[in-house]
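Written out below as structure tokens is the structure these notes cover.
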Amino acid sequence: MGKYFGTDGFRGEANVNLTVEHAFEIGRFIGWYYGQYHKNDNESARILIGKDTRRSSYMFEYALAAGITASGADACLMHVTTTPSVAYIAKVDSFDCGIMISASHNPYYDNGIKLINSSGEKMEDEVIDKIEDYLDGKLGKIPMATKDKIGRTVDYVAGRNRYVGYLISLGLYSFKKYKIALDCANGASWNIAKAVFDALGAKTYVINADPDGTNINRDAGSTHIENLCKYVVENGMDVGFAYDGDADRCLCVDENGNVVDGDKILYIYARYLKEQGELTNNTVVATVMSNLGFFKALDEIGIDYAKTAVGDKNVHDYMSEHNNCIGGEQSGHIIFSQYASTGDGILTSLKMMEVMIAKKATLSKLAEPVILYPQMTVNVRVREEDKEKVVNDPEVLDAVKKAEAELYGEGRILLRKSGTEPLIRVMAEAADDTTCKKCIGMITEAIGKRGYSI
């Protein structure tokens with residue numbers, strides 16, 4: 001991670017850690033940088049911008065567009081849309097790069113700038129490093145465009161509509177007989193998800209699709225899925241799908257109101273692909289956070305797995321290198337490499353519907369073989385500059401060893417830094433909840449005694 005950009009872009013509280021000046025200067029650099037590739041063809045660089053429903057997203061959108069056009073490139077605005085839609089359109093419409101303004105599952109007062117390359121993937125590290133050097137004043141001044149070289153701001157809402165059409169085209173079956181609930185988290189999927197499910201024939205019921213700029217993710221979406229669980233049961237839904245703020249994640253709810261998380265989604269689709277003879281390398285790519293029960297269930301049906309560090313970029317990079325077709329995270333960030341270059345919540349829900357209909361099975365039946373171990377994660381807020389110290393502190397590491405001894409080889413402990421927030425994540429997996437709580441308490445207590453907790 002760099003000084004400004006973490007594992008998922010430049011993220012922080014709007015106009016505190018991430019300011020409008022940052023956005024303008026990032027736009028200035030990107031517009032100039034990609035303009036260099038068009039000097040000989042006498043065309044302007046084209047930068048695609050999408051945003052979620054946070055109040056500050058509009059401010060950052062205009063600041064980025066101002067910086068881009070001031071450097072001579074064109075800023076094409078998709079307006080409120082999802083992260084995967086920006087990735088898709090950046091690739092298929094041959095943009096120089098894409099920008100998504102979102103802090104994903106974070107509260108409304110946070111925001112982020114995610115950079116996407118022309119292949120619809122996360123921006124290369126070497127470009128990010130240059131942007132950071134520019135923000136720190138190491139690259140000098142960038143010339144302003146003048147006269148007819150000044151860039152234009154272009155409405156590109158048609159791109160969002162094309163993305164909706166693409167998702168609809170992936171629906172292999174009619175959803176006509178299904179009652180489906182969608183929780184849009186008052187975020188970017190609010191005006192997209194229902195259109196897709198309606199077009200495929202579903203009886204679609206939507207909650208949390210009334211964004212006001214401050215209610216994104218508030219008691220809604222994949223981070224507060226208990227509301228969808230209740231809604232599915234009370235209204236007799238066949239299935240429910242919950243997205244996060246920028247809709248690159250999806251968690252599911254079966255007909256009984258039980259959560260089907262990313263691990264179970266990976267299992268269901270990998271098993272389906274294996275039965276079709278289409279599971280590349282007979283392998284699923286997951287992260288170290290995936291549940292032991294998930295790995296045991298894969299062992300039972302003879303599917304191999306690879307474990308990466310936490311972060312969808314790590315999953316994507318491994319999949320690209322080894323030509324895998326399915327991978328993702330427990331949080332519901334699932335990558336179907338045949339159809340998308342990034343996690344896509346709406347696509348994930350379509351793929352779950354595909355398996356349900358093809359196998360004539362309920363979601364609960366499909367997820368039944370995965371018996372998850374009790375798993376608990378506690379986030380300890382620390383100073384950003386202390387995150388590295390915490391995970392290397394001898395007394396904290398000693399507490400981790402003592403906690404691991406409590407598991408008697410049946411479970412695990414994971415201590416890691418958040419890549420997007422000033423948090424240390426402490427995860428315990430054990431045979432029962434009591435042991436999980438005890439182990440986490442031992443570690444968080446050590447972090448507090450060392451003076452790191454705030």
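What is the Cα centroid distance between segment 236-260 and segment 315-341, reported in whole angstrom?
20
Mean residue ellipticity at 222 nm from the helices of the chain, using -39,500 (n - 2.57) per DSSP H segment of n ≥ 4 over the full residue count, to the nearest 500 deg cm²/dmol?
So the calculated ellipticity at 222 nm is -11500 deg cm²/dmol.
What relative contact order, as a whole-number percentage, does the chain give when Cα pairs under 8 Å and 6 or more residues apart are counted? The partial results should precede the final answer.
Details: 1022 pairs, mean separation 55.8, N = 454.
Reported as a whole number, the value is 12 percent.
Which value, in nm² and rounded to one decimal, describes the direction-averaged projected area of the C-alpha convex hull of segment 325-454?
Computing the convex hull of the Cα atoms and averaging its projections yields 10.0 nm².
Please report, in debye to the nearest 20, how large the charge dipole of segment 146-248 is about its Cα centre when each Lys and Arg carries +1 at its beta carbon and each Asp and Glu carries -1 there.
Details: 12 positive and 13 negative charges, 106 e Å.
Dipole about the Cα centre, nearest 20: 500 debye.
Give me the net charge of residue 369's neighbourhood, meaning all other residues with Cβ under 15 Å from the Cβ of residue 369; Lys, Arg count +1, Asp, Glu -1. Working shown, then result.
Details: positive: 264, 271, 274, 296, 359, 365; negative: 254, 261, 263, 275, 299, 300, 368.
Charge balance in the 15 Å sphere: -1.
Loop only per DSSP, at most 10 neighbouring Cβ atoms within 10 Å: give me the trypsin sites (Lys or Arg not before Pro) in segment 21-69, ordered by residue number.
On the way: sites: 28, 39, 46, 51, 54, 55; in loops: 39, 54.
Here the trypsin sites (Lys or Arg not before Pro) that fit, given the DSSP loop and packing criteria, are 39.
Restricting the count to DSSP beta bridges whose residues both fall in segment 220-366, what percent are antiparallel, rounded to a multiple of 5?
On the way: 9 of 15 bridges.
That works out to approximately 60 percent antiparallel.
Find out how many positive minus negative residues lie around residue 418, taking Lys and Arg as positive, Asp and Glu as negative, among other residues whose Cβ is under 11 Å from that of residue 418. Each step should come with its number before you reach the end.
On the way: positive: 11, 381, 387, 416, 417, 425; negative: 8, 384, 421.
Combined, the nearby Lys, Arg, Asp and Glu give +3.
Bin all alpha-carbon pair distances of segment 255-319 at 5 Å intervals from 0 and give each bin's fraction as a whole percent.
Percent of Cα pairs in each bin: 4, 17, 27, 25, 17, 7, 2, 0.
Between segment 30-62 and segment 423-454, what is the C-alpha centre distance in whole Å?
43
Taking the convex hull of the alpha carbon atoms in segment 70-202, what volume per residue do you get, in Å³?
Details: hull volume 17.8 nm³, N = 133.
Per residue, the Cα convex hull of segment 70-202 comes to 134 Å³.
According to the square roots a ≥ b ≥ c of the eigenvalues of the Cα gyration tensor, what is the shape class of segment 59-126, taking rounded for a/c under 1.5, prolate for a/b larger than b/c otherwise, and oblate for the remainder?
oblate
Report, ordered by chain and residue number, the aspartates and glutamates lying within cross-link reach of residue 274, taken as a straight Cα distance under 17 Å and ignoring same-chain residues fewer than 8 apart.
263, 299, 300, 304, 354
For the chain, what is the convex hull volume of the alpha-carbon atoms per residue, in Å³?
142
Rounded to whole Å and ordered largest first, report the semi-axes of the equivalent ellipsoid of segment 192-338 derived from its Cα gyration tensor (root of 5λ). Write out the running numbers ahead of the final one.
Working: eigenvalues 160, 58, 44 Å².
Output for segment 192-338: semi-axes of 28, 17, 15 Å.
Straight-line reach from residue 130: which lysines fall under 26 Å, measuring Cα to Cα and dropping same-chain residues less than 8 apart?
Result set, ordered by chain and number: 3, 39, 51, 91, 114, 122, 138, 141, 149, 313, 387, 417.
Using Cα pairs under 8 angstrom and six or more residues apart, how large is the relative contact order of segment 170-367, in percent?
20
Counting Lys +1, Arg +1, Asp -1, Glu -1, what net charge surrounds residue 87 among other residues with beta carbon under 10 Å of its beta carbon?
Residues near residue 87 contribute 0 overall.
Can you give me the three principal axis dimensions of segment 375-449 from its C-alpha atoms, in Å, biggest first?
34, 23, 17
With +1 on each Lys and Arg Cβ and -1 on each Asp and Glu Cβ, and nothing else charged, work out how big the dipole of segment 170-367 is about its Cα centre, in Debye to the nearest 20.
620
Out of segment 340-449, which trypsin sites (Lys or Arg not before Pro) are coil in DSSP terms and have no more than 13 other C-beta atoms within 10 Å?
Of the trypsin sites (Lys or Arg not before Pro), the ones in loops of segment 340-449 whose Cβ has at most 13 other Cβ atoms within 10 Å are 360, 383.
Coordinate-derived values only; no laboratory data. These numbers come from a predicted model, not from an experiment. In this analysis, Cβ positions are derived from the backbone assuming ideal geometry, glycine residues included, and neighbour counts consider all displayed protein chains.
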